[in-house]
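Chemist: Structure provided below as structure tokens; questions to follow.
Any read-out appearing in this document is the output of simple, stated calculations on the displayed coordinates, not a laboratory observation. Since this is a predicted model, take the numbers as computed values, not measurements. Neighbour counts run over all protein chains shown; Cβ positions are idealised from the backbone, glycine included.
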Amino acid sequence: MASQTGDIVQQSLDTLMEEPSFLPQVQEEQRKQVFQSLAAILSTPNKINKAFLRVALCDGKVLRIPAFRVQHNDTLGPYKGGIRFHESVNEDEVINLAALMTLKNALHDVPFGGGKGGVVLNPRSYPEKDLYQICKKYVQYFTDVLGPDKDIPAPDVGTSEREMDWMMAEYKSIHPGKPYLGSFTGKSVVSGGSLGRREATGKGVYFTFRYLLHDFIKDNQSWLSSGDNVFAHTALDHMDKHLTIAVQGFGNVGSVAALEAYKCSFLHNKVVAVSDRNVTLYSEEGLDIPSLIDYISSHRGDLPTTDEQLQALGISAVIKSREEVLTMDVDVLILAALEDQLHKDNADQVKARIIVEGANAPITGEADQLLSKKGVVIIPDILANAGGVIVSYFEWLQDRETIFYMEDEVYKQLFAKMQKTMVSILPAYFADPLPLRQNCYVHAVRKLSASLYRQGKLY
Ligand code: GLU
């Protein structure tokens, strides 16, 4: 497991070891042994599936494309997690992301384990027909380890409902007569996907931020103001202010989170900057997010990059370099692009006081420490971006029953589930000095450990 996740899991185990009410029946030598077993289990994946997909491309070339499916842990249910298509995919990264899924599902009481897939390619460089072949090959190579009760992939960076539809169809033809709808989630609605799945991660990211900053803080204002929790004081300071927000990444997560902020009437907030792989757009008055979303839908997902394009849209904004979004003078920074975006070389230039992790692992361990020391509040990935996997779970349930929920019902259940998680961790968080990320990990590791112990796995 790559270092940051592994370190925090180990710290969480150390905390639990010292907690007398946790597994009180296990004492002394046996306690040491049980915690050693836990560390060994949680720090290593159960299985790393690796293949070189042999694909004949439209242009006549035949490629061997490296691909992974890492199955980290299935204590709480079948493995679950996305498949990413990106040129920088590598084994360590996929292992780390699979571990993060184990923890995310445990934290939110989603009855799945953790897995992750990756294919080393830039999907923008291939025509649709090639991508279709690559998706089919992925399922063919990994078919024995996948399935609705074994391991259920979903979209991630570089994949979407299109790829999930293709993959499910391939799974169905390899396993005739077997249940197949729940073999992949994040499918299109016509293929058995859930209403609201596409928007779920972005909506969940904004909901987490809004709930923490507005609902929870407001309801608990009196006791929070007397304590010394940095988050509480930052949030209280910002409560009746107009918050400025910058969003890094304008894909499925960033654009939806930005739209939620734009529409939100609970908080005085405005999105002053958004960015993608090419540019940052900035407007002090706030950007017209619906028009930008319209624009990207007909421009391969890219934001406008010239003044002429902005003028044609009727949008006034300043064009800046794509990195500038990270260091803007704003209150809130939502990171919804890739991992390792804030690192030791740029973390000290961050001006935002609140950072929300919409992407998985967008802040390196070193940057995390640097920022936390500066008093920056970080709402971590496993808490904030679980909307996707939570609605994947709803999709899997709907596929089993072949009864489908209304869109409003999906969001209602999504927010209720995320709120339940926050209600169960926030009082402890506000009462002790551990950062929020660490708090979430302790909660997730506690659940996994108790379950492993009861299943007789710790010896
Ligand atoms: N790829 C998403 C994540 O990292 C969703 C996973 C899923 O729906 O299984 O949380």
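Chemist: At q = 0.09, 0.10, 0.13 Å⁻¹, work out log10 I(q)/I(0) for the chain with the Debye formula, treating every Cα as an identical point scatterer and leaving solvent out; two decimals please.
Modeler: -0.58, -0.73, -1.24
Chemist: What residues have an amide H closer than 5 Å to that of I379, excluding those fewer than 5 places away on the same chain, when H is modeled at 1.01 Å from N in the peptide plane?
Modeler: Those lying under 5 Å, H to H, from I379 are I355, V356, E357.
Chemist: With charges set only on the Cβ (+1 for Lys and Arg, -1 for Asp and Glu), what does the dipole of the stretch 63-189 come to about its Cα centre, in debye to the nearest 20?
Modeler: In total the dipole reaches around 260 debye.
Chemist: A further question follows. For K270, which lysines qualify as cross-link partners when the Cα separation must be under 22 Å and same-chain residues fewer than eight apart are set aside?
Modeler: K203, K218, K241, K320, K351
Chemist: Among A347, L181, N278, whose Cα lies farthest out toward the positive end of the dipole of the chain, if unit charges sit on the beta carbon of Lys, Arg (+1) and Asp, Glu (-1)?
Modeler: In the chain, that residue is L181.
Chemist: Are there GluC sites (Glu not before Pro) in the stretch 264-339 that DSSP marks as loop and that have at most 10 other Cβ atoms within 10 Å, and which are they?
Modeler: Sites meeting the loop and neighbour criteria: E285.
Chemist: Something else: What ranking of C135, C58, C440 emerges when the number of other C-beta atoms within 10 Å of each C-beta is taken as an exposure proxy, fewest first? Display every interim value, and only then the final one.
Modeler: On the way: C135 25, C58 11, C440 28.
Ranking C135, C58, C440 by Cβ neighbours within 10 Å, fewest first, gives C58, C135, C440.
Chemist: Using the Cα centre of the stretch 189-228 as origin and beta-carbon charges of +1 (Lys, Arg) and -1 (Asp, Glu), tell me which of F207, S225, L195 is placed farthest towards the positive end of the dipole.
Modeler: Result: L195.
Chemist: Along the charge dipole of the chain, pointing to its positive end and built from +1/-1 on Cβ of Lys, Arg, Asp and Glu, which listed residue (T364, L436, I152) has its Cα farthest out?
Modeler: I152
Chemist: Right, another one. I'd like the FRET efficiency for T44 and E87, computed as 1/(1 + (r/R0)^6) with the beta carbon distance as r and R0 of 25 Å, rounded to 0.05.
Modeler: Values: r = 27 Å, r/R0 = 1.06.
Computed FRET efficiency for T44 and E87: 0.40.
Chemist: Take the alpha carbon atoms of the stretch 323-397, find their center, do the same for the stretch 268-316, and report the distance between the two centers in whole angstrom.
Modeler: After rounding, the separation between the Cα centres reads 21 Å.
Chemist: With n ≥ 4 as the cut-off for DSSP H runs, can you work out [θ] at 222 nm for the chain, using -39500 (n - 2.57) per run divided by the number of residues, rounded to the nearest 500? Kindly include the intermediate steps, with their values, before the conclusion.
Modeler: Details: 16 runs with 204 residues, N = 459.
Mean residue ellipticity, 222 nm, calculated: -14000 deg cm²/dmol.
Chemist: If you scale each eigenvalue of the Cα gyration tensor by 5 and take the root, what three semi-axes come out for the stretch 349-395, rounded to whole angstrom and sorted largest first?
Modeler: Its equivalent ellipsoid spans semi-axes of 26, 10, 7 Å.
Chemist: Now for a different question. In whole Hz, what ³J(HN,Hα) sequence does the stretch 301-318 give by Karplus (6.51, -1.76, 1.60; θ = phi - 60°), x for Gly and Pro?
Modeler: x, 8, 6, x, 10, 10, 4, 4, 5, 5, 4, 4, 7, x, 10, 9, 7, 9
Chemist: Using C-alpha positions alone, give me the convex hull volume of the stretch 15-159 per residue in cubic angstrom. List each step's numbers first, then the result.
Modeler: Numbers: hull volume 16.7 nm³, N = 145.
So the per-residue hull volume is 115 Å³.
Chemist: In whole Hz, what ³J(HN,Hα) sequence does the stretch 256-273 give by Karplus (6.51, -1.76, 1.60; θ = phi - 60°), x for Gly and Pro?
Modeler: Each residue's phi maps through the Karplus curve to give 6, 4, 5, 5, 4, 5, 4, 8, 5, 9, 6, 10, 7, 9, 9, 8, 9, 8 Hz.
Chemist: Taking every pair of alpha-carbon atoms in the stretch 257-329, give the share separated by more than 21 Å as a whole percent.
Modeler: Beyond 21 Å sits 20 percent of the P(r) for the stretch 257-329.
Chemist: Then there's this: Quick one: which residues, 5 or more positions from H268 or on another chain, have an amide H under 5 Å from its amide H? H modelled 1.01 Å from N in the peptide plane, none for Pro or chain starts.
Modeler: L243
Chemist: Only sites in a loop by DSSP and with at most 15 other Cβ atoms within 10 Å count here; which trypsin sites (Lys or Arg not before Pro) in the stretch 60-100 make the cut?
Modeler: Passing both the DSSP loop test and the Cβ count: K61.
Chemist: Only counting other Cβ atoms within 10 Å, I'd like K116, K373, K344, K447 sorted with the fewest neighbours first. Present the calculation step by step, with values, prior to reporting the outcome.
Modeler: On the way: K116 31, K373 9, K344 12, K447 18.
Ascending Cβ contact count within 10 Å gives the list K373, K344, K447, K116.
Chemist: Stokes-Einstein at 10 °C, 1.306 mPa s, Kirkwood radius from Cα pairs: D for the stretch 298-343 in µm² s⁻¹? Write down the numbers at each step before the final one.
Modeler: Details: Rh = 12.8 Å.
Translational D for this selection: 124 µm²/s.
Chemist: Run the dipole for the stretch 17-62 about the Cα centre, Lys and Arg Cβ at +1, Asp and Glu Cβ at -1, nothing else charged, and hand back the magnitude in debye, nearest 20.
Modeler: 500
Chemist: Tell me which GluC sites (Glu not before Pro) from the stretch 66-170 have a DSSP coil assignment and no more than 14 other beta carbons within 10 Å of their own.
Modeler: E87
Chemist: List every residue whose amide H lies under 5 Å from the amide H of K80, counting only residues 5 or more places away in sequence or on a different chain, with H placed 1.01 Å from N in the peptide plane.
Modeler: G113, G114, G115, I152
Chemist: Determine, for L212, L458, the number of other Cβ atoms within 10 Å of each Cβ, and report the residues in order from fewest to most. Each step should come with its number before you reach the end.
Modeler: On the way: L212 22, L458 19.
Least crowded to most crowded, the residues run L458, L212.
Chemist: Once you have the Cα-Cα distance between Q309 and S297, take 0.36 nm times their residue separation minus that, and quote the gain in nm to one decimal. Could you put the intermediate results ahead of the total?
Modeler: Numbers: separation 12, 0.36 × 12 = 4.32 nm, distance 1.44 nm.
Difference between extended and current length: 2.9 nm.
Chemist: Something else about it: At 1.567 mPa s and 4 °C, plugging the Kirkwood radius over alpha-carbon pairs of the stretch 341-433 into Stokes-Einstein gives what diffusion coefficient in µm²/s?
Modeler: 84
Chemist: Rounding to the nearest 20 debye, state how big the charge dipole of the chain is about its Cα centre with +1 on each Lys and Arg Cβ and -1 on each Asp and Glu Cβ.
Modeler: 1320
Chemist: Taking θ = phi - 60°, what integer Hz values does the Karplus form 6.51 cos²θ - 1.76 cosθ + 1.60 yield along the stretch 393-404, in sequence order, with x for Gly and Pro?
Modeler: For the stretch 393-404, the Karplus curve yields 4, 4, 4, 4, 5, 4, 5, 5, 8, 6, 10, 10 Hz.
Chemist: OK, next. Across the stretch 68-121, how large is the tail of the calculated P(r) beyond 14 Å, expressed as a percent of all Cα pairs?
Modeler: Result: 43 percent of Cα pairs exceed 14 Å.
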